[in-house]
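K.L.:
Below is one structure. I have some questions about it.
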């Protein structure tokens, strides 16, 4: 995604509560598979829920699997580890930390009235 311009269209994905905290789901956005992640930091009472969206296709394994990856952090970067070769993708930028050539697109994501939206 070109981070210099704002999304012109927003696609509703699902209710935030439909995504188990600290996991992802795959959604079809504008004809493409997008991995959408619900990240909950902290306890249920004080934790803030955030949503992130990146391409679901993992260039390293040539499979659409990133939504099934494990969420974690490397330093100050929030990442998802691909379930096949364990490459780490930054949830904010889509950058592949081990192999920058495998970086994927990142999309704007938000929660509005309990609904997850992805911009494109």
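K.L.:
Specify, per residue and in Å³, the volume enclosed by the convex hull of the alpha carbon atoms belonging to the chain. Numbers along the way, then the final one.
P.N.:
Details: hull volume 12.8 nm³, N = 120.
For the chain, the hull spanned by Cα atoms encloses 107 Å³ per residue.
K.L.:
Then there's this: What is the packing order of peptides 31-39, 80-88, taking the mean over residues of other C-beta atoms within 10 Å and listing the highest first?
P.N.:
The densest-packed peptide leads the list: 31-39, 80-88.
K.L.:
Using alpha-carbon pairs under 8 Å, 6+ residues apart, how would you state the relative contact order of the chain in percent?
P.N.:
Over the chain, the number comes to 28 percent.
Every read-out reported here was derived from the displayed coordinates using simple, explicitly stated rules and does not represent laboratory data. Treat the numbers as computed from the prediction; the structure is a model and nothing was measured. Cβ sites come from the backbone with ideal geometry, for glycine too, and all protein chains shown count toward neighbours.
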